[in-house]
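This report refers to the structure that appears directly beneath it.
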Amino acid sequence: MFSTHLLNALQTARHIAVLTGAGVSAESGVPTFRTADGLWKRFKPEELANFDAFMADPELVTAWYNERRRIINSVEPNPGHRALADIAHLVPAVTLITQNVDGLHQRAGSRDIIELHGNIHRNICSRCRIEVQLEMESEVLQPPCTSCGGLIRPDVVWFGEFLPEGAMAAAEKAALDCDIFFSIGTSALVYPAAALPATARQHGAYVVEINTERTALSDHVDECLIGPAGQLLPMLTDRLKENRTD
Ligand code: BV8
Ligand code: ZN
């Protein structure tokens, strides 16, 4: 399943970078962007996850995020999340870069996470961007911002919006420095996150993809492992635990 090269590289790696996408949370029961049903059957995520859609119909977009938050709050991290938390104890440096907004890596015990696209559990004013505690989980809109009257929105990065200050720089720094770069559970379609594996490879990292199917990235990696992250990652950490001596 895993190449000798990868297993050897894991033994001596001093820095591993990991980019995760919705596929890592799929086995927890969180729908991915592409196979989702419900609201997502009728709308493409790009049509909902953007500021114009929110301003045009704040109730619809808020309902979509409330529904997603309800699903996320009802699930648990899966063995894939936990294996990624374990790896951080087996390798001197692991940088976990996630596109996911569900907070499941944190709940699985991972630390030092770079959340490229924000976090659905945080809410901010769309005008002055102060953080707002949700008054109650409801379909209706939260009351407007008490300091400026702006609409309250989830603290996630929408299409056409810039990533959080410093997040992409930190992710790029890890891609430049790492020995092994994993792209796990992402369709590798959304930029600038999708550019990270190429950056890593150009700087000498061994790039590994883990996905249940081939993606736009698959022809541009050193090793493409087809299978569910929740199964392959624990197998990988088991091999790592067997042989790592330091
Ligand atoms: C920006 C948060 C600067 C919200 C999301 C070139 C350069 C820069 C920008 C662009 C560019 N070209 C186009 C753009 C614009 C755009 C973009 O990339 N568009 C795409 C559609 C072409 N990018 C942006 O707008 C970004 N901003 O660049 O700012 C700027 C500013 C102004 C003008 C120009 C530039 C912001 C993008 C962030 C959008 N926010 N999420 C929310 O969650 O609601 S995107 C969202 O979809 C995710 O966060 C993720 O990033 C993205 C893709 O999702 P994936 O995680 O990959 O999930 P997906 O469902 O697609 O795939 C799941 C995969 O898992 C599948 O491959 C499946 O096979 C696999 N899988 C399933 N089960 C399993 C599994 N794998 C393993 N195990 C399993 N069990
Ligand atoms: Zn405000």
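The values are calculated or read from the model by the stated rules, or taken from the named source; none is laboratory data. All of these numbers come straight from a predicted model, not from anything done at the bench. Using ideal geometry, Cβ is built from the backbone for each residue, glycine included, and neighbour counts are taken over all protein chains shown.
Tabulated data
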quantity	calculated
Subset of region 164-219 [away from ligand 1 (no atom under 11 Å from the Cβ) and in contact with a Pro (Cβ under 7 Å, 6 or more places away or on another chain)]	181, 207
In region 169-199, the residues that are crowded, with 24+ Cβ neighbours inside 10 Å and over 23 Å from residue 118 (Cβ atoms)	178
Filter pass, residue 93 being more than 13 Å from the chain's Cα centre (by Cα), small (Gly, Ala, Ser) and farther than 20 Å from residue 161 by Cα	yes
Options 43, 51, 33: the member that is aromatic (Phe, Trp, Tyr) and either at pLDDT 95 or above or within 24 Å of residue 88 (Cβ to Cβ) (or both)	51
Search result, residues across region 206-230 that are touching a Gly at 6+ places or on another chain (Cβ under 9 Å) and aliphatic (A, V, I, L, M)	210, 229
Verdict on residue 160 being in contact (Cβ under 8 Å) with a residue 40 or more places away in the chain and surrounded by fewer than 16 Cβ atoms within 10 Å (Cβ to Cβ)	yes
Residue in region 76-97 that is among the small types (Gly, Ala, Ser), closer than 29 Å to residue 148 by Cβ and touching a residue at least 24 places away in the same chain (Cβ under 8 Å) present	no
All positions within region 201-226 that are in a loop (DSSP other than H, G, I, E, B), surrounded by 20 or more Cβ atoms within 10 Å (Cβ to Cβ) and touching a residue at least 40 places away in the same chain (Cβ under 8 Å)	205
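Yes/no matrix, rows are residues, columns are (1) under 22 Å from residue 65 (Cβ atoms); (2) within 16 Å of ligand 2 (Cβ to nearest atom):
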| position | (1), (2) |
| --- | --- |
| 152 | yes, yes |
| 156 | yes, no |
| 177 | no, no |
| 195 | no, no |
| 205 | no, no |
| 218 | no, no |
| 225 | no, no |
| 243 | no, no |
